[in-house]
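A.B. asks: Starting off with a structure, shown below.
No lab work stands behind these numbers, since they all come straight from the coordinates. Keep in mind the model is a prediction, meaning the values are calculated, not measured. Ideal geometry is used to build each Cβ from the backbone, glycine not excepted, and the neighbour counts take in all protein chains shown.
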Amino acid sequence: MSAQPDHIHAIDLPMPDDSELDPDLQKYFAVCQEKLGMVPNVLRSYSVNPERLRAFMAMYNELMLGESGLSKLEREMIATVVSSENKCFYCVTAHGAGVRELSGDPALGELMAINYRAADISPKQRTMLDFAVKMTNRPAEVDEADRQSLRDAGFAERDIMDIASVASFFNMTNRSSTALDRMPNPEYHSKAR
């Protein structure tokens, strides 16, 4: 028995079988299965609306996998810390696993999820995460001094935009996932441990 509820989301919208998806989405799901060993439940949840699924995939792929001055690990760190602040079970679980996998350090994923301030990370990364947390908890208070702190830490203007974009995306995703009670794939719990 698992403590995690046994559903992908808690709304009564039937998800299509993979064979019912449009060919481009079938192909994308097959790539996920091949590379990750699973299709993330967030994608399955969005599959009830193919256009929204495509929009989600495009934004996610651009922010998390596209060109950036931020490493993939740093983007996963932002995702995990923002999700922790929002208490989003799905995203803390999934992106905490991403931090563990990319860093090779199981403890780092837990520290990002529980208290990034206790982690042995660079001052630059701490400044990045402080900014993402302020954006999450007190967005109306973010000002030029906060952006300047990122510059002073060594971030370029494009990096600041990327930090803000990743943090904003996960604030939106966290709210949607929590509202729909999305559950992470069970495989995430044991990944990179």
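A.B. asks: Where a Cα-Cα gap under 19 Å defines reach, which aspartates and glutamates qualify for residue 35, not counting those fewer than 8 residues away within the same chain?
C.D. replies: 18, 24, 62, 76, 101, 187
A.B. asks: For residue 134, which lysines qualify as cross-link partners when the Cα separation must be under 20 Å and same-chain residues fewer than eight apart are set aside?
C.D. replies: 87, 124
A.B. asks: Through the Karplus equation 6.51 cos²θ - 1.76 cosθ + 1.60, θ set to phi - 60°, convert the phi angles of the stretch 123-135 into ³J(HN,Hα) values in whole Hz; use x for Gly and Pro.
C.D. replies: x, 4, 5, 5, 4, 4, 6, 4, 5, 4, 5, 5, 4
A.B. asks: How long are the three semi-axes of the equivalent ellipsoid for the stretch 1-99, computed from the Cα gyration tensor as the root of 5 times each eigenvalue, in whole Å, largest first?
C.D. replies: With the √(5λ) rule applied to the stretch 1-99, the semi-axes are 23, 19, 12 Å.
A.B. asks: To the nearest 20 debye, what is the magnitude of the charge dipole of the stretch 22-65 about its Cα centre, counting +1 on the Cβ of each Lys and Arg and -1 on the Cβ of each Asp and Glu?
C.D. replies: 100 debye
A.B. asks: Could I have the simple spin-label model distance between residue 36 and residue 145, label points 7 Å from Cα toward Cβ, reported in nm to one decimal?
C.D. replies: Going by the 7 Å Cα→Cβ label model, 4.0 nm.
A.B. asks: Same structure again: Quick check for me: using +1 on Lys/Arg Cβ and -1 on Asp/Glu Cβ, what's the dipole size of the chain about its Cα centre, in debye to the nearest 20?
C.D. replies: 340 debye
A.B. asks: Return, in residue-number order, each cysteine of the chain whose C-beta is not under 4.7 Å from any other cysteine's C-beta.
C.D. replies: Cysteines of the chain left without a disulfide-compatible partner: 32.
A.B. asks: Mean-square fluctuation check for the chain, GNM, Cα pairs under 10 Å: which of 63, 180, 129 is largest?
C.D. replies: 180
A.B. asks: Any idea what the relative contact order of the chain is, in percent, if you count C-alpha pairs under 8 Å spaced at least 6 apart?
C.D. replies: 31 percent
A.B. asks: Whole angstrom only: what separates the Cα centroid of the stretch 25-74 from the Cα centroid of the stretch 90-113?
C.D. replies: Cα centres, the stretch 25-74 to the stretch 90-113: 18 Å.
A.B. asks: For the stretch 68-75, what does the Karplus curve 6.51 cos²θ - 1.76 cosθ + 1.60, with θ = phi - 60°, yield as ³J(HN,Hα) per residue in whole Hz, taken in order and with x for Gly and Pro?
C.D. replies: 6, x, 8, 6, 4, 4, 4, 5
A.B. asks: Further, regarding this structure: Calculate for the chain the 222 nm mean residue ellipticity that helices alone would give, adding -39,500 (n - 2.57) per DSSP H run of length 4 or more and normalising by residue count, nearest 500 deg cm²/dmol.
C.D. replies: Taken over the chain, the calculation gives -20000 deg cm²/dmol.
A.B. asks: Roughly how big is the stretch 80-122's charge dipole about its Cα centre, with Cβ charges of +1 (Lys, Arg) and -1 (Asp, Glu), in debye to the nearest 20?
C.D. replies: 140 debye
A.B. asks: Comparing 17, 162, 105, which has the greatest mean-square fluctuation in the GNM of the chain with Cα pairs linked when under 10 Å apart?
C.D. replies: Sorting by GNM fluctuation, first place goes to 17.
A.B. asks: If you don't mind, there's one more thing I want to ask. Farthest toward the dipole's positive end in the chain, which of 78, 4, 112, given Cβ charges of +1 (Lys, Arg) and -1 (Asp, Glu) about the Cα centre?
C.D. replies: Value: 112.
A.B. asks: Taking the structure as given and computing Cα extents along the principal axes in Å, which label from [x] 59, 34, 30; [y] 43, 43, 34; [z] 51, 35, 29 fits?
C.D. replies: The value matching this structure is [z].
A.B. asks: Here's something else I'd like to know. Could you sort the peptides 164-175, 90-101 by per-residue average Cβ neighbour count (10 Å cutoff), highest mean leading?
C.D. replies: So the order, starting with the most tightly packed, is 90-101, 164-175.
A.B. asks: Which order do the peptides 68-74, 47-53, 83-89 come out in when sorted by mean C-beta neighbours inside 10 angstrom, highest first?
C.D. replies: Averaged packing, sorted descending, gives the order 83-89, 68-74, 47-53.
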